[in-house]
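Bear in mind that the values in this text are calculations on the coordinates, not laboratory data. Bear in mind that the values here come from a model prediction, so they are computed numbers and not experimental data. Here Cβ is always computed from backbone atoms with ideal geometry, including for glycine, and neighbour counts include all displayed protein chains.
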Amino acid sequence: MLYRQLDKYEWVSLIISLILTIFIFLQFSINLSKVSKKYFCQFEKFDCPEQIISFGEKYLINSNNQIKNENNRKYFQNYKGKAIEDFRRGDYFHAAENFNLAFQQFSDPETLIYKNNAEAAKLEHQYIEIAVSVPISHEKESDIAQEILRGVAQAQNEVNSRGGINGKWLQVGIADDKNDPEFAKKVADEAIKNEKIVAMVGHNASSISQVVAEKYEKAQLVMITPTSYTLNLNNYNYIFKIVPNVNRLAEKLKNYFLNTQSKHNLLICYDRQEPVSESFKESFASSVENYDRCDVSQPDFKAQKALLEAQQSSKLNADSLLLAASISNIDSFINLVKANQGKLRLFSSSTLYTEKTLKEGKNYAENMVIVTPWHQDAFPKNPVVESFVKDAKSHWKKTVNWRSAVAYDATKVIIQGLKKIPQQLNTQELRQQLQKQVKNTTNLCGATGKISFTLGKRNEPLAFIIKIVKDENSDIGYKFQLDPNVNTNSIIEPQCS
């Protein structure tokens with residue numbers, strides 16, 4: 001074999017080829033890594049950090065601890081795991097089938113949303129996308145996130161089962177904003193840059209909604225928050241609220257307190273870190289002369305100590321306790337309920353209108369009075385509300401609360417707006433037209449009654465008084481019951497369509 005020495009030009013060519021080969025290999029490795037994480041990340045192994053909004057590509061809700069039957073849990077995990085793998089591969093036929101089988105084992109809202117998304121994807125892009133942002137991974141709020149998702153899932157399933165929006169099915173992407181302001185901004189950025197997403201349902205906490213509102217406004221993407229009570233979301237063009245301002249609820253509960261209690265010696269516990277909690281406290285206290293306050297956000301806060309000091313105070317001698325509760329510190333407020341042991345009469349904002357209060361408060365929460373924007377019995381003979389409640393029990397095997405109802409209505413407002421828009425528009429035009437339709441919403445009859453807006457604010461600010469009472473037919477043993485005597489004049493039979 002003959003050998004010869006390479007000349008300088010051949011050496012240059014060889015070196016360039018080697019560099020190009022290394023570069024191509026590195027690029028391939030990087031892309032393969034991205035693909036692997038996106039399509040093969042597994043629950044509790046990879047969190048798919050780049051997949052902020054999921055349409056079916058990954059788990060967000062861990063439902064295992066909610067499924068009591070071991071066989072149901074095993075089959076649910078198996079079917080849902082297969083469905084997610086199918087969805088990642090683009091096998092939407094089998095994804096829809098397996099999501100449906102998983103939902104039959106346990107009816108969680110994420111699974112129903114993903115099932116509808118897979119069914120929509122089978123239609124070869126004949127679908128419209130929206131997103132919903134809830135605080136799933138925030139441990140204290142996971143139950144509340146699911147309450148919101150139930151309403152969104154029910155509205156999506158309802159419209160798709162009826163043929164979709166002008167023939168196009170609705171897909172819903174789910175985002176976990178973690179109740180963290182900085183991560184919520186990432187969720188907003190992701191929704192805005194996704195050219196298929198035309199609206200956002202969310203966010204949950206008022207403090208989070210306030211942080212991201214300007215982003216949606218600037219990008220001209222409609223955001224309808226179902227649960228934010230803040231006063232600081234008015235006067236936007238693209239931001240809308242389903243619930244009334246916090247002052248409306250505080251006023252309703254304050255009037256009940258003043259009219260039903262012979263003594264008005266009140267301890268008010270609130271969360272200084274949450275503006276809505278503080279606003280509720282200030283609005284309620286404006287007509288109460290003898291009261292003291294405790295801030296649950298203090299590092300050294302102790303429920304028993306706060307209650308003992310209020311009861312033993314010669315100046316206050318408290319006989320009632322108002323909980324201007326916040327989601328971020330919900331455990332502290334429930335600890336107050338338990339530490340009280342039924343001694344002080346209990347009053348609360350709607351934050352504690354959640355199953356968590358019944359489960360953990362139990363007999364100590366009995367007779368607690370709560371103000372809420374919705375209760376299923378507050379709209380007698382309203383066919384839309386009756387249908388919503390009936391379908392909710394069928395889907396979720398339980399009674400839903402106000403968060404599910406307002407989330408259902410937020411989604412329904414978007415659906416109605418989209419039905420009135422020509423579908424041959426590009427994304428930006430569609431977003432702009434949707435804003436006009438939502439702004440001009442009139443006489444829409446939802447689960448919470450008639451819906452219309454002025455400057456993004458709901459025109460029908462309903463508020464109802466409910467109590468926690470015993471319920472022998474419930475596994476928990478307690479339920480939230482509408483007070484018919486207080487709400488007789490507040491129940492509205494809306495004229496809507």
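Here are the numbers for this structure:
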quantity	calculated
Percent RCO, i.e. relative contact order, over the chain, from Cα pairs under 8 Å lying at least 6 residues apart	13 percent
Inter-centroid distance (Cα atoms) of the range 369-438 relative to the range 83-113, Å	24 Å
In nm, spacing of pseudo-spin labels at Asp189 and Gln481 (7 Å Cα→C-beta vector)	5.1 nm
Whole-Hz ³J(HN,Hα) from phi, Karplus 6.51 cos²θ - 1.76 cosθ + 1.60, for the range 472-478, glycine and proline x	5, 8, 9, 5, 6, x, 9
Calculated FRET value between Gln424 and Lys338, using beta carbons and R₀ = 45 Å, to 0.05	0.20
The range 179-297 - charge dipole about Cα centre, Lys and Arg +1 at Cβ, Asp and Glu -1, debye rounded to 20	300 debye
Highest-first arrangement of 381-391, 145-155, where packing means the average Cβ count within 10 Å	145-155, 381-391
5 angstrom amide H check on Arg345, placed H, neighbours 5+ away	Ser320, Leu321
Sequence-distant residues sharing a close amide H with Ile268 (under 5 Å, placed H)	Asp292, Arg293, Cys294, Leu322
Contour excess over end-to-end distance, with Cα ends at Asp377 and Lys68 and 0.36 nm allotted per residue	108.3 nm
Within the chain: Cβ-based charge dipole about Cα centre, in debye rounded to nearest 20 (Lys, Arg +1; Asp, Glu -1)	500 debye
Residues listed by number, the range 274-295, amide nitrogen under 20 Å from Lys305 label point at 7 Å toward C-beta	292-295
Ranked by how many other beta carbons lie within 10 Å on average, peptides 113-121, 342-350 from highest	113-121, 342-350
Distant-in-sequence amide H partners of Arg458 (H built 1.01 Å from N, under 5 Å)	Lys241
Shape category assigned to the range 363-460 from the gyration tensor of Cα positions, a/c cut at 1.5	prolate
Ellipsoid semi-axes in whole angstrom, largest first, where each is sqrt(5λ) of the Cα gyration tensor of the range 405-468	27, 12, 9
The range 438-446 - phi-based ³J(HN,Hα) in whole Hz, Karplus 6.51/-1.76/1.60, Gly and Pro as x	5, 4, 8, 4, 9, 6, 6, 9, x
The chain: angle of helix 383-396 to the longest principal axis, Cα-based, in degrees nearest 10	60 degrees
Positive-end residue, the chain charge dipole about Cα centroid, Cβ charges, pick of Leu267, Ile67, Val159	Val159
Dipole axis of the chain (+1 Lys, Arg; -1 Asp, Glu on Cβ), positive-most option in Ser142, Val288, Ala392	Ala392
Label of the coordinate-derived value, volume of the Cα convex hull per residue in Å³, listed as (1) 242; (2) 203; (3) 166	(2)
Under the Karplus curve 6.51 cos²θ - 1.76 cosθ + 1.60, θ = phi - 60°, whole-Hz ³J(HN,Hα) for the range 148-154, x wherever Gly or Pro sits	5, 5, 4, x, 5, 4, 5
Net length gained if the chain between His94 and Glu124 were fully extended (0.36 nm per residue, minus Cα distance)	9.3 nm
Among Ile19, Val276, Gln304 the positive-end extreme of the charge dipole of the chain (Cβ point charges)	Val276
The chain: angle of helix 275-285 to the longest principal axis, Cα-based, in degrees nearest 10	10 degrees
Spatial separation of Cα centroids for the range 288-312 and the range 136-193, in angstrom	37 Å
